[in-house]
1. Given (1) in a loop (DSSP other than H, G, I, E, B); (2) charged (D, E, K, R); (3) within 15 Å of the chain's Cα centre (by Cα); (4) farther than 22 Å from R179 by Cβ, where does K251 come up short, assuming only one miss?
2. Restricted to the range 211-263, and to residues that are hydroxyl-bearing (S, T, Y) and more than 23 Å from P56 (Cα to Cα), which residue is surrounded by the fewest Cβ atoms within 10 Å (Cβ to Cβ)?
3. List the number of the failed condition for A266; all other conditions in (1) buried (at least 20 other Cβ atoms within 10 Å of the Cβ); (2) in contact (Cβ under 8 Å) with a residue 40 or more places away in the chain; (3) farther than 15 Å from R313 by Cβ hold.
4. Picking from D187, D201, which residue would you name as being assigned to a loop (DSSP other than H, G, I, E, B) and of a type outside the set (F, W, Y)?
5. Quick check on my filter: what residues within the range 84-107 are touching a His at 6+ places or on another chain (Cβ under 9 Å), in a loop (DSSP other than H, G, I, E, B) and surrounded by 15 or more Cβ atoms within 10 Å (Cβ to Cβ)?
6. Would you call G280 surrounded by fewer than 23 Cβ atoms within 10 Å (Cβ to Cβ) and closer than 28 Å to G84 by Cα?
7. Quick check on this structure: which one of V92, V142 is in contact with a Phe, Trp or Tyr (Cβ under 7 Å, 6 or more places away or on another chain) and modelled with pLDDT of 95 or more?
8. Considering (1) buried (at least 17 other Cβ atoms within 10 Å of the Cβ); (2) under 23 Å from L298 (Cβ atoms), say which one S67 fails and leave the rest.
Amino acid sequence: MVRRASACAGACAIFLAAALAAGEHAKVDLGVGASFHGERVFPDDNPWNTPIDDRPVDPNSAALIASIGADRSLHNDFGTVWNGVPNGIPYVVVDGHQAKVPIKFTAYGDESEPGPYPVPPNALVEGGVDRKNDGDRHVLVVDRDNWELYELFRAFPQPDGSWHAESGAIFDLGSNALRPAGWTSCDAAGLPIFPGLVRYDEVMEQGEIRHAIRFTVQRSRRAYVPPARHWASRSQDPNLPPMGMRLRLKKNVDISRLAPPARVIALALKRYGLIVADNGSNWYLNGAPDPRWNDDDLGTIRGLHGRDFEVVRMDGLVSD
């Protein structure tokens with residue numbers, strides 16, 4: 001009799017703990033492009049969430065900015081629709097009951113967390129689900145109840161409900177743990193994608209972005225700065241940016257002429273900055289698509305140029 005009561009107490013304790021964990025982030029909505037209502041992913045002291053507005057400038061800042069393009073404009077690589085599909089990197093929020101499906105990795109399986117992943121049938125593929133889409137084809141899923149992030153790169157749905165992908169990564173959104181040194185993720189820097197996206201709910205509902213923003217550069221260096229864990233270049237040119245390099249918009253740059261949504265982004269660029277996360281077009285800021293964006297307003301961010309930025313001092317640089 002005592003043993004049965006003890007077993008029941010133990011089971012009840014486990015159930016209660018699970019229920020509390022599930023309710024901790026209950027204010028986060030479910031679905032594609034769901035609102036987080038101000039909920040922050042990763043702890044406050046995570047590198048993504050750490051202000052860098054007062055950190056020293058890197059001594060090689062000018063040369064690094066020049067390699068990306070001092071006269072080139074910023075570009076919002078997200079918005080409403082582009083070429084008939086949602087413009088940006090989409091995401092979906094699911095609950096802890098979402099069924100997990102098998103994932104077959106076709107390229108970087110040795111640096112990917114094995115499946116299954118809780119990818120729902122309504123998950124959007126970056127660039128569209130059509131197999132003719134030859135882009136990065138990211139799929140991002142946030143498990144609200146278990147507070148985990150699942151990401152896929154070059155993902156293709158299969159008729160049986162499973163997925164094929166070149167790589168996959170799972171992140172505990174309540175932890176500051178990094179991937180193993182040298183591992184890729186679903187971007188070239190070995191970083192999570194979702195925490196660095198510009199999202200509609202942050203800009204238009206909260207009026208504030210409280211994290212760094214991910215962006216791409218055309219030419220990078222065979223090196224990385226933590227929290228990045230991976231490089232994707234053969235060049236050792238010290239004037240090229242390493243993965244994970246952090247930049248910020250200079251304090252004295254006038255952002256008053258930007259449209260309100262672009263001004264929210266610019267304020268985040270001054271306080272939290274940019275992180276080099278992948279190879280691509282220079283100065284392309286990554287964000288999530290949403291049909292409610294005003295593309296013209298977002299486009300005013302192009303009034304900012306490379307010369308308006310400076311590189312934050314790089315500590316812990318890892319090179320070949």
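1. Here K251 meets the rest and fails (3).
2. Top of the filtered list is S256.
3. (2)
4. D187
5. I89, P90
6. Judged against the criteria, G280 is a match.
7. V142
8. It fails just one condition, (2).
The values are calculated or read from the model by the stated rules, or taken from the named source; none is laboratory data. Keep in mind it's a predicted model, so treat the numbers as computed, not measured. Counting neighbours? That spans all protein chains shown, and the Cβs are built from the backbone with ideal geometry, glycine included.
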